[in-house]
Amino acid sequence: MSVKQHRRLIVPVAAAAVMGLALTGCTGDIAAQTAEDTDCAAYADYGTFEGNPEVSIGGTIQDVEADRLVESWADFQACTGITVNYTGTKEFEAQIAVLAEGGSAPDIGIIPQPGLFNKLADAGFLKPAPEAVEANVDKWWSADWKGYGTATDGTFYAAPLMASVKGYVWYSPAMFEDKGYEIPTSLDEMMDLTAQIAADGTVPWCAGVGSGDATGWPGTDWVEDYVLRQAGAETYDKWVKHEIPFNDPAIVTAFNSVGDILKNPEYVNGGLGDVSSIISTEFGDAGLPVLDDSCAMHHQASFYEGFWKNADGSEVSVAPDGDVYAFLLPPAEAGGEQAVTGGGELVSAFNEGDEITAVLSYLSSDTWANNRVELGGVISANTGLDASLASSDILKQSVEILQDENTVFRFDGSDLMPGAVGTDSFWKGIVNWLSGDDTQKVVDAIESSWPKS
Amino acid sequence: MTTADLLGKIIQVVAALAAFSLVIGLVLFLIDKAPKRGRDYWQLAFFLLPALILLAVGLIYPAFRTSLLAFSNSSGEWVGAENFIWMFTQPAALVTLGNTVIWVVVVPILSTTIGLAYAMFIDKSRGEKYFKALVFMPMAISFVGAGIIWRFVYDYKSGDNAQIGLLNQILVWFGGEPVQWLQTSPINTFLLIVVMIWIQTGFAMVICSAAIKGVPTEQIEAAQLDGTNPWQRFTNVTLPGIRGSLVVVITTISIATLKVFDIVRTMTAGNFNTSVIANEMYTQAFRAGEQGRGAALAIVLFLLVLPIVIYNVRVLRQQREIR
């Protein structure tokens, strides 16, 4: 080989080597956690596995939440020798059925809504929950929750994971104290309070249902909360299962009661505009006028805690004596049954194996719930959960509500309805309703969009 | 990502490249060894085969499956023409079809007219290059980007707040009340159409400008000597001379308009009576989980595009015959 040819080779090889070295610098080689430096007493029941088996989990949880999720099973991995690989993508809900059909679904799926779960279970993609998981769920969860992991054929497939409570009403404690307002104990009292605040010269409510192509969903939460409280859990169940039509009088009543607030120009939209501004305001910004007292109350789920921010970027304290706090939307009658709507994930397996069973039982245990909640930001309806571990006052309150035996818990109705309604015509219906269509027209249109079969 | 992962990925890439060249090499080798008789046909078959396989997998099979899906419900059961009945009876779905018609009529006509007029006016002017670049620039912006830009233009803040939307700010300067542009039907559909015209005019202008320059000067001079005025020259000499290009422009823009999705989705997500077929197709198939309805909409879209494509091909073919 001549020198010239050598040169021709040397340059690309050198370039490749430099590239390789540079790329190596980008990677972080993290030393794996070993069993020696972990207290494994809590994990003895799951056994130890030889040969480092891997279990893949898929879900919609991303970013910080995903990091915390992975951290929540770090000790479990070290003690059992199982490697858990989590992949989070926003497209999970759209893709999972396709993946399952092609036989390439992850071992375990964290399914964010019962409607999707039922679809997967009915299609025969899911594996029934192992005995250990069912025992855990019987022990730590209420019958309501177990019901959501049970398919229409009566087989129990999925354990609940985390939970959230909807139907909070955010307010400014300082303003309520100054003006002498009391936290209402019934829906009627809340309307009286609304009228009183309006009479005192403040716009009582601020709301926003804008959310990109999901615009409308915060409005469905309002309606669901009212159906559950006014018509009761039984009617609510019938409604989401379509055993009563969507244009049933009970639903019309709920819509109209919400309309008494949201469609009354005197009561909305504090600091944001008129009724039509509800649609154009992003749900994340809709509560912010509470901070400068240009609006008194804002209805949104517990997760809204993370959305509070002052205009100058400073922190907002969320506490009973802080800048903002929340009370749960009251029952229809004072002292009546406490009913809440909420959300949560269901964990089910697409494949079978001892290591998958071990991961599933760990995720359904009180140990996991405590580990995860301690990391902050979320709660679970697991009754073995120590409420004091929750990272904020509002989350502690939510845990207590979820663990209370007298609480009637119902999943967010739009998650339970078929996609054509729950994630399409119900949202569009809310938008049209707030744009001025009357209730009967809107509920009739949603009813006619309910898929036949 | 660890070093091992990275190395694994590099090895995968190298392996894939190697496999690719191996297959190509094998194909070439086999063609070379093909029997002498009918070697041309063998070669033809071998070279076409990869493309045909890809077409079958990527186009023919999906088209076939979509057609089947259009006649089934979300759980895959056969429901006959129910999805099509839904499409032509549901008020919301009818609005979608109506909007698509408005789009496909207004956008090609307006963008071609504006583009052609602009091309005529700036033809042979000083600084033609810069005038062209100005109008052509929006073509370089993605539909989603354009949608976001224009959503800001139409943005609404209630009366006492400072406006951040240009259109409402202009209204306020002239003493008007701000308007919820994107929520007011039917004007919102036309405001979305403006965005599409803004993008497509550049395309029409460039093609028309090139075609105008292709019209022989002899013909124009001859017409001039016959005592025609500029308008007559335009309608009787230039227009017939650029007919082919005009058809290409109009059909291309029509097809792009029928498929419009990004603008509607980013600006209104199909709310407030602005939805079009492509947006509804996505919403039904992927958000609502009603693949059947989505597939039915896709088929209608395909049937609507088909005549335009056929017309386009026919005109091109006629022209080739003339030449």
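Throughout, read-outs are computed from the coordinates displayed, never taken from laboratory work. Note that the coordinates shown come from a computational prediction; the quantities given were computed from them, not determined experimentally. Reconstructed Cβ throughout: ideal geometry from the backbone, glycine too, with neighbour counts over all protein chains shown.
Amide H neighbours of residue A:49 under 5 Å, counting only residues 5+ apart in sequence or on other chains, H built in-plane at 1.01 Å?
It is A:81, A:82, by chain and number.
Hey, with R₀ at 22 Å, roughly what FRET efficiency would residue A:437 and residue A:214 work out to, going by the Cβ-Cβ distance, to 0.05? All intermediate terms of the calculation are to be shown ahead of the outcome.
Details: r = 19 Å, r/R0 = 0.88.
Result of the calculation: an efficiency of 0.70.
In deg cm²/dmol, rounded to 500, what helix-only [θ] at 222 nm does chain A give when every DSSP H run of at least 4 residues adds -39500 (n - 2.57) and the total is split over its residues? Display every interim value, and only then the final one.
Working: 18 runs with 192 residues, N = 453.
Helix-only estimate at 222 nm: -12500 deg cm²/dmol.
Using only the alpha-carbon atoms, how far is helix A:354-363 inclined from the longest principal axis of chain A? Give it as 0 to 90 degrees, nearest 10.
With both axes taken from Cα atoms, the answer is about 40 degrees.
Could you work out how far apart the two model spin labels at residue B:77 and residue A:293 are, taking each label as a point 7 Å from the Cα in the direction of the beta carbon, and quote it in nm?
6.0
Taking square-rooted eigenvalues a ≥ b ≥ c of the alpha carbon gyration tensor, is the range B:3-69 rounded, prolate or oblate, where a/c under 1.5 means rounded and, failing that, a/b exceeding b/c means prolate?
Values: a/c = 6.17, a/b = 1.17, b/c = 5.27.
Here the range B:3-69 falls in the oblate category.
Once label points are set 7 Å from the Cα along Cα→Cβ at both residue B:19 and residue B:235, what is their separation, rounded to one decimal in nm?
Simple spin-label model gives 6.4 nm for this pair.
What list of ³J(HN,Hα) couplings, whole Hz, do you get for the range B:66-75 from phi and the Karplus terms 6.51, -1.76, 1.60, once you set θ to phi - 60° and write x for glycine and proline?
4, 4, 5, 4, 4, 9, 10, 8, 5, 9
So if R0 is 56 Å, what FRET efficiency would residue B:56 and residue B:139 give, r being the distance between their Cβ atoms, rounded to the nearest 0.05? Intermediate results must be reported in sequence, preceding the final value.
Working: r = 34 Å, r/R0 = 0.60.
Computed FRET efficiency for residue B:56 and residue B:139 comes out at 0.95.
Among A:257, A:330, B:113, whose Cα sits farthest toward the positive end of the charge dipole of the protein assembly as shown (+1 at Cβ of Lys/Arg, -1 at Cβ of Asp/Glu, about the Cα centre)?
B:113
Return the whole-Å distance between the Cα centroid of the range A:326-365 and the Cα centroid of the range B:241-305.
One Cα centre to the other: 40 Å.
Within the range A:226-247, list the residues whose amide N lies under 18 Å from a label point set 7 Å along Cα→Cβ of residue A:186.
In the range A:226-247, the label zone of residue A:186 (backbone N under 18 Å from the point 7 Å along Cα→Cβ) covers A:226-233.
Would you pull out the residues with amide H under 5 Å of residue A:56's amide H, same chain only if 5 or more places away, H placed 1.01 Å from N?
For residue A:56, the qualifying residues are A:85, A:107, A:108.
Taking the Cα centre of each part, how many Å lie between the range A:281-308 and the range A:431-453?
Computed from Cα coordinates, the inter-centre distance equals 27 Å.
If a/c stays under 1.5 just call it rounded; otherwise compare a/b with b/c (prolate if a/b is bigger, oblate if not). Do that for the range B:82-322, with a ≥ b ≥ c from the square roots of the Cα gyration tensor eigenvalues. Please report the intermediate quantities before stating the final value.
Details: a/c = 2.74, a/b = 1.37, b/c = 1.99.
Here the range B:82-322 falls in the oblate category.
Using 7 Å Cα-to-Cβ label points, what is the residue B:4/residue B:68 separation (nm, one decimal)?
4.2
What does the helix-only formula give at 222 nm for chain B: each DSSP H stretch with n ≥ 4 adding -39500 (n - 2.57), the total divided by the residues, and the result rounded to the nearest 500 deg cm²/dmol?
Working: 15 runs with 225 residues, N = 323.
The helix contribution divided over chain B gives -23000 deg cm²/dmol.
Would you mind calculating the gained length between residue B:26 and residue B:120 on full extension (0.36 nm times residue separation, minus the Cα-Cα distance), in nm to one decimal? Please report the intermediate quantities before stating the final value.
Details: separation 94, 0.36 × 94 = 33.84 nm, distance 5.49 nm.
Full extension from residue B:26 to residue B:120 adds 28.4 nm.
What is the diffusion coefficient of the protein assembly as shown in µm²/s, taking the Kirkwood radius over Cα pairs and the Stokes-Einstein relation at 37 °C with a viscosity of 0.692 mPa s? Walk me through the numbers before you get to the answer.
Numbers: Rh = 30.8 Å.
Estimated diffusion coefficient is 107 µm²/s.
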